[in-house]
Amino acid sequence: MIHIEEELWPYIEETVDDQKQQQIEAHLETCAQCFDRYLALLDQWEAPGHLADSFTEATIDKLNVQQVLPQKDGQKTSSSISREVKTISHYLLAAGLTILLMASGIFQGVLHVTDKTNIHSRPSMADSLMQKTDSWLTQLIKGEDQ
Ligand SMILES: [Zn+2]
């Protein structure tokens with residue numbers, strides 16, 4: 001049996017053509033050795049986490065822009081929102097919406113637009129993401145109130 005371990009990485013990164021992809025998948029179905037190797041490579045691929053983070057952040061940025069642009073007094077609006085909306089449930093809602101957006105495939109749509117803009121170093125990915133999500137939702141909620 002000819003093993004395809006050398007080709008697993010290109011396969012994961014989807015840089016192989018359709019024919020090669022089918023060959024690899026057929027082999028993985030019959031070869032436990034290569035399948036284990038494949039799973040190990042998948043773990044490595046996901047481990048850094050920077051892809052998912054910048055992915056999410058870029059999307060939130062994009063959504064922010066879309067929400068803020070129509071109303072020119074965006075800054076005033078943000079500061080006049082009461083503290084009450086900034087509760088823990090607010091953040092849970094944010095998390096839920098993020099998952100919802102991810103599931104609906106919107107993330108893929110905006111990635112190409114935003115992936116050049118803000119990949120540079122940021123102080124804290126989590127904080128920054130939370131702030132962006134928060135201000136985005138604030139705009140969203142304010143918009144619904146009006
Ligand atoms: Zn094999």
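Values quoted throughout were computed directly from the atomic coordinates according to the rules given, and no laboratory measurement underlies them. Worth saying up front: this structure is predicted, and the values here are computed from it rather than measured. Ideal geometry is used to build each Cβ from the backbone, glycine not excepted, and the neighbour counts take in all protein chains shown.
So for the stretch 17-39 (the condition being more than 12 Å from the ligand (Cβ to nearest atom) and buried (at least 16 other Cβ atoms within 10 Å of the Cβ)), does at least one residue qualify? No; the residues of the stretch 17-39 include none that is more than 12 Å from the ligand (Cβ to nearest atom) and buried (at least 16 other Cβ atoms within 10 Å of the Cβ). Going through the stretch 4-19 one residue at a time, which ones are over 19 Å from D43 (Cβ atoms) and over 28 Å from the mean Cα position of the chain (by Cα)? Selection gives Q19 alone.
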